[in-house]
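Values in this text are rule-based calculations from the coordinates and carry no lab data. If you're wondering where the values come from, they're calculated on a predicted model, not measured in any experiment. Note: ideal-geometry Cβ built from the backbone for every residue, glycine included; neighbour counts use all protein chains shown.
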Amino acid sequence: DGSELADIDNYVRAGYARPDKEMFGVAKDKNLIIVSLESLQNFVINSEVNGQEITPFLNDFIGESYYFDQFYHQTQQGKTSDSEFIMDNSLYPLNRGAVFFTHSGNEFESMTEKLGENGYYTSAMHANNKSFWNRDIMYDSLGYDRYYSLPDYDVTEENSVNWGMKDIPFFEQSVEHMKQMPQPFSTKMITLTNHYPFTLDEEDKLIDPYTSHDGTVNRYFQTVRYMDEAVKNFIADLKESGLYDNSVIVMYGDHYGISENHNKAMSQYLGKDITPFVSTQLQQVPLIIHVPGEEGKTISKVSGQIDLKPTIMHLLGIDTKKDIQFGSDLFSDEHEDLAILRDGRFISKDYVYAGEKCWNKKTEEKTDMKFCEPFKERVNNELEYSDKIIYGDLLRFYGETEYRDDDES
Ligand code: GP9
Ligand code: MN
C-alpha cells in the first residue's frame, strides 16, 4: 500500500525549501534548453593545460550566468542515464544497475511530465541509437513528447568520431530541430564527443595534449576543449535564431570522465596526492544556468544533480510543494548545504565524508569523526527512502493518498 509513501512524504516535506520570491517564475513560459555535457568535471573550469585555457568559452559564459561551483554528480553504474534520471525525478539512481533498464515500467512524477502539463512541448535530442540505455522506453515513461535520435540527424563518416556524431554538427542540426518545435518547448540535449577514450580527428584538436604517462588524461583536456568550442558555436546559433533571448539554458556535467584508475596522472596535474578527500572533490561537475535578462553570479552552495528539478521548475514558475523529491531549489535561502553521493560519501558545508573518514574541507586533512557523525544516519535514510520509491514503485500511490491536507507556506 501507500503507507510507506506517507513516511517518505513527511521526510521530503521537512526538507522542502521555499522558493526565493524574486527568482520564482523569473523565466515563466520561456523555453527550457538542458545540455548534458558528457564527462565534464569542474576542475577544468578556469584552469589551464600547457598554459592554455581548457574551457575559454565556458569561462566567459559563467560570467553572465549563474554558475554553481560546489555542485556534484550523483550517478552510479547507469552513468549518463543516471544523471538523466536524477535530473528528471529528483530521486537517487540505484547503487547497482541502471534505473533506466531495471525500472522503466514504474510510475514517475517527472519534471518533463509536469512541463507537459504546463503547456510545454517536451523532447530529448541525442544522435545515438534510440534504445541505448533503454532511452526510448524510459522517455515514454517519463513523459517526453518526442525523442530526436539517430534517424533525425544527418550522420556521416566525416562528421563522426569516437562514439558517433561530433558535438559541433550535433548542436548545429539540433538548433534546426528547435526552430520547428512549438513554443514554449523543453528539450534535453546529450553531447557525446567528450567520452572515454577521448579521441578526436586532427582538425578538432584545438590545444596540445597534457604530457603524462597516461594517454587518457592527456587526451581528456583536448576533447573538453573541443566540447567548449561546440558550446560556443551552439550559443552563437541560438542567438542567430532568436531563441537565445527567450530560453533558459541549463548546462551540467553528467558524471566524471577521469576515473580513479588515473590517479597518478591526476596527481601530477593537480600537484597533490589524490586522497579520498580529493577524489570526492573531483566528483564536482559544473552547473551553469543562463536566464535571459539576469546577470547571474557564482553560487557556492553545496549541491547536486538531485537539486536540478526543483531549481528549474521554480525558475519557470511551476510549484513543486507537493512533489516527492529529495533535492531543493538552489536559489532558495532554505537550501541546505549537503550533497549525498550514491555510494554514501557526502559533502557538507565544511566537511567531507569519504573512505570512512571525516575530512576538513579547509585543511584537506582527516579530522574527528564527530563532525561527520550528525549527517550519517540522515544520509543513509535518504538513500534508502529513494530506493524504496523505486523498488516499490511507490509513486503509483501518489495522488491517491490523503496525507497532504495542509497547504501552508
Ligand atoms: C551514450 C551516451 C554515453 O548514448 O549517453 O553514455 P555513458 O557511457 O556516458 O553513460
Ligand atoms: Mn555520460
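Observations
- Mean residue ellipticity (222 nm) of the chain, computed from DSSP H runs ≥ 4 via -39,500 (n - 2.57), nearest 500: -9500 deg cm²/dmol
- Considering only Val291, Val302, Gly327, the residue lying farthest towards the positive end of the dipole of segment 243-334 is Val302, judged by Cα position with unit charges set on Cβ.
- Debye, to nearest 20: dipole size of segment 145-256, +1 on Lys, Arg Cβ, -1 on Asp, Glu Cβ: 400 debye
- Dipole magnitude (debye, nearest 20) for the chain, charges at Cβ of Lys, Arg, Asp, Glu: 760 debye
- Entries of Lys130/Lys297; Lys321/Lys357; Lys28/Lys309; Lys361/Lys388; Lys21/Lys179; Lys188/Lys357 with Cα pairs more than 27 Å apart: Lys130/Lys297; Lys321/Lys357; Lys361/Lys388; Lys21/Lys179; Lys188/Lys357
- Applying both filters, DSSP loop and at most 15 other Cβ atoms within 10 Å, to the chymotrypsin sites (Phe, Trp or Tyr not before Pro) of segment 69-134 eliminates every site.
- GNM result for the chain, Cα springs below 10 Å: residue of Glu158, Glu260, Glu384 fluctuating most strongly: Glu158
- Gaussian network model of the chain, Cα within-10 Å springs - most flexible of Ser247, Ser267, Ser303: Ser267
- By the count of other C-beta atoms within 10 Å, a proxy for reagent exposure, Lys166, Lys79 are ordered fewest to most as Lys79, Lys166.
- Top positive-direction residue, dipole computed over the chain with Cβ charges, set Tyr353, Leu58, Ser174: Tyr353
- Residue among Lys179, Lys321, Lys370 with the largest mean-square fluctuation in a Gaussian network model of the chain, springs linking Cα atoms under 10 Å: Lys370
- Relative frequency of Cα-Cα separations exceeding 36 Å in the chain, percent: 21 percent
- Compactness of segment 252-409, taken as the C-alpha radius of gyration over 2.2 N^0.38 Å, stands at 1.21.
- Radius of gyration (Cα atoms) of segment 337-404, expressed as a multiple of 2.2 N^0.38 Å: 1.45.
- The Rg/Rh ratio of segment 197-257, with both radii computed over alpha carbons and Rh defined as the Kirkwood radius, is 1.09.
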